[in-house]
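Since every read-out is calculated from the coordinates, none of them should be taken as a lab result. Fair warning: this is a prediction, and the values are worked out from it, not measured in the lab. Glycine gets a Cβ as well: all are built from the backbone with ideal geometry, and neighbour counts include every protein chain shown.
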Amino acid sequence: MRLLMAMLKHETNTFSPVETPFQRFFKYDPHVHTGAYALEIYTGTGSGLGGFIDLAQQQGAEIDIALAAESWPSGPVSDETYEQLLRHILDAVQQGGYDGILLDLHGAMVTESLEDAEGELLRRIRELDPHTPIGVTLDMHTNLYENMVSNATVLTGYHTYPHVDMYDAGFRCAQLLVRTIRGEIAPVLAWGTKPMLPHVMQQGTHMEPNKSLQARCIDLEQKQEVLAASLFVGFPNADIHHAGLGVVVCTDAQAAKAQSVCDALLQQAWEARHDFVFQIEPLAESVARAKQIESGPVVLLDHYDNSASGGTMDTTAVLAEVLRQGLENAVFYAIYDPEAVQQAISAGIDAEVTLMLGGKTAMPALTEPSHPVEVTGRVKMIFNGRYRNRGPMYKGVENNTGPTVVLDTGKVEIVLISEHQEPFDLSCLLSVGVDPYMKKYVVLKSRVHWRAGFGELAQQVIECAGLGVCTSDYSQLEFKHVRRPIFPLDPL
């Protein structure tokens, strides 16, 4: 059996000013991740592609990896970069000779010209090869379009947020595809959407309503009532027509059953739509409440500026408030500021420096700008920024924050980075010599993924409404393209 694999993942925040160059898809590694090089990088990792690889190797299949590309979320991808990435996949498909195709995609990739970049990829694959079975794994934040479903043979999604089951979703998808190739099953897909934009801060599977929705999907699969049931909460920071919640159900030659289960999941989600609305607390009140807590670690979330949702990671509202209210024994991860990093490196270890941090990236989509904050501290650590995840999320995958510095103000240790990185793994702090278990306050630019690595240490959690293009306040964003009416933008 010969299998073609590819990974192409980008969550596009259409309000984000962060650019998405070609090399961002490879963590600025000068080499394109393809073939044996990609196989080496992703074998044994907790990624969807890692799940593909393990299942294929268990089955003794021949593996070809056309591309393994994944960018941190950011603004729309240029048409040129998109075509450059697709060419690796389409050229391999055109060569042919494969028994199956496995695609680890995101589901919320937007280009200059396309709202549904993944669907267009699948459509073009089908133009070249109408018959080879295609298995697709999608992120829970997929904004679902018809071409994603109509051009796939089997489709699976994550059941956890934080996404600690990416590997499982990939393995499940590969397993179903192999069974299809062998003629053991004849998959059919049903899909649908609801006009609702669940707030990301209410999407975690540690809480309702998504906890019960995903539990229902898992139960359907485990009881073998369906081959796969995937509920996508959608990515609301994308101003595109079909942003929002969707469902795909895969059954073995039971089209009516697939549609019935799909409709039931959609209705369950719709009935819970009010529970997907996030209630916002003023920033000063949140930090003051944190200051009154006696024992830590207390996790404070700067969730309006999460790089894993396209944030600039250099807004300073939460950092400024933490400094103003005098929180002590705190660590702040992180401010993206390559200029400040270089200034600290030039000063050297143990040097006292005064830096203007953050506020350097304009955010035209917002009415309120972020301003730099002046900070004086000691350069405590200089680091090259490369570390591997401990897991469970993306276990074994290497990250690259570029030149990285820890600035110690005496009360707050501020991590300064040169490449974007959401703090979802303990190694982001351990790699720079900070033990979060020894801190009273751990301030993270994250929304929900932080729970994968830091959830067990948090004695309490404070959600801080700061500033950024990942805002949970929809009134700060101008939606021009999303379908209307849609909840909660409209009273439905």
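Working note: 222 nm ellipticity from helices only, DSSP H runs with n ≥ 4, each -39,500 (n - 2.57), summed and divided by the residues of the chain, gives -8000 deg cm²/dmol to the nearest 500. Among the GluC sites (Glu not before Pro) in the stretch 257-331, those placed in a DSSP loop whose Cβ has at most 16 other Cβ atoms within 10 Å are GLU294, GLU328.
Gyration tensor over the Cα atoms of the stretch 2-276: the corresponding equivalent ellipsoid has semi-axes (square roots of 5 times the eigenvalues, largest first) of 26, 23, 16 Å.
DSSP beta bridges in the stretch 2-276, what fraction antiparallel, as a percent rounded to 5? Before the final figure, lay out each step's value.
Numbers: 12 of 36 bridges.
Within the stretch 2-276, antiparallel bridges account for around 35 percent of the total.
Rounded, prolate or oblate, given the Cα gyration tensor of the stretch 407-484, with a/c below 1.5 counting as rounded?
Values: a/c = 2.22, a/b = 1.98, b/c = 1.12.
The shape class here is prolate.
Positive-end ranking of TYR42, ALA258, VAL110 along the dipole of the stretch 2-276, with charges on Cβ about the Cα centre, is headed by ALA258. Computed about the Cα centre, the dipole magnitude for the chain is approximately 660 debye when only Lys and Arg (+1) and Asp and Glu (-1) carry charge, each at its Cβ.
When Lys and Arg each count +1 and Asp and Glu each count -1, what net charge do the other residues less than 12 Å away from PHE278, Cβ to Cβ, add up to?
On the way: positive: ARG447; negative: ASP275, GLU281, GLU463, ASP473.
Result for the neighbourhood of PHE278: -3.
Each Lys and Arg adds +1 at its Cβ and each Asp and Glu adds -1 at its Cβ; summed about the Cα centre, the stretch 226-341 shows a dipole of about 340 debye. For GLU419, the residues whose modelled amide H falls within less than 5 Å of its own, excluding neighbours fewer than 5 places apart on the same chain, are GLY402. Computed over neighbours whose Cβ is under 14 Å from that of GLU120, the net charge equals -4, Lys and Arg +1, Asp and Glu -1. Around the amide H of THR156, modelled in the peptide plane, lie the amide H atoms of VAL136, THR137, LEU138, all under 5 Å away and 5 or more residues distant in sequence or on another chain. Counted residue by residue at 0.36 nm each, then reduced by the alpha carbon distance between them, the extension gain from VAL277 to THR354 reaches 23.7 nm. Here the contact order of the stretch 283-471, divided by its residue count and restricted to Cα pairs under 8 Å and six or more residues apart, works out to 38 percent.
Checking the cross-link pairs LYS9/LYS440; LYS395/LYS480; LYS194/LYS480; LYS291/LYS445; LYS395/LYS439 against a 27 Å limit on the alpha carbon distance flags LYS9/LYS440; LYS395/LYS480 as lying beyond it. Contact order, relative form, for the stretch 284-349: 28 percent (alpha carbon pairs under 8 Å, 6 or more residues apart, mean separation divided by residue count).
From Cα pairs below 8 angstrom and at least 6 apart in sequence, can you work out the relative contact order of the chain, rounded to a whole percent? Mind dumping the intermediate values first?
On the way: 1242 pairs, mean separation 83.4, N = 492.
Normalised by residue count, the contact order of the chain is 17 percent.
On the basis of the beta-carbon distance and an R0 of 25 Å, TRP270 and GLU146 show a calculated FRET efficiency of 0.80. Computed over all pairs of different Cα atoms, the Kirkwood value for the hydrodynamic radius of the chain is 22.9 Å.
Let me know the shape class of the stretch 152-206, please: from the alpha-carbon gyration tensor, a ≥ b ≥ c as square roots of the eigenvalues, rounded when a/c is under 1.5, otherwise prolate if a/b is greater than b/c, or oblate. If you can, show how the numbers build up before the last one.
Values: a/c = 4.88, a/b = 1.71, b/c = 2.86.
Oblate.
Phi angles across the stretch 44-57 convert, under the Karplus curve 6.51 cos²θ - 1.76 cosθ + 1.60 with θ = phi - 60°, into 3J(HN,Hα) values of x, 9, x, 9, x, 4, x, x, 4, 4, 4, 5, 4, 5 Hz, Gly and Pro given as x.
Neighbours of LEU245 by Cβ distance under 10 Å: Lys/Arg scored +1, Asp/Glu scored -1, total +2. Loop-located trypsin sites (Lys or Arg not before Pro) in the stretch 391-445 (DSSP state other than H, G, I, E, B) with a sparse environment of at most 15 neighbouring Cβ atoms within 10 Å: LYS411. Could you work out how far the C-alpha centroid of the stretch 415-429 sits from that of the stretch 242-257, in angstrom? Taking the Cα centre of the stretch 242-257 as reference, the centre of the stretch 415-429 is 36 Å away.
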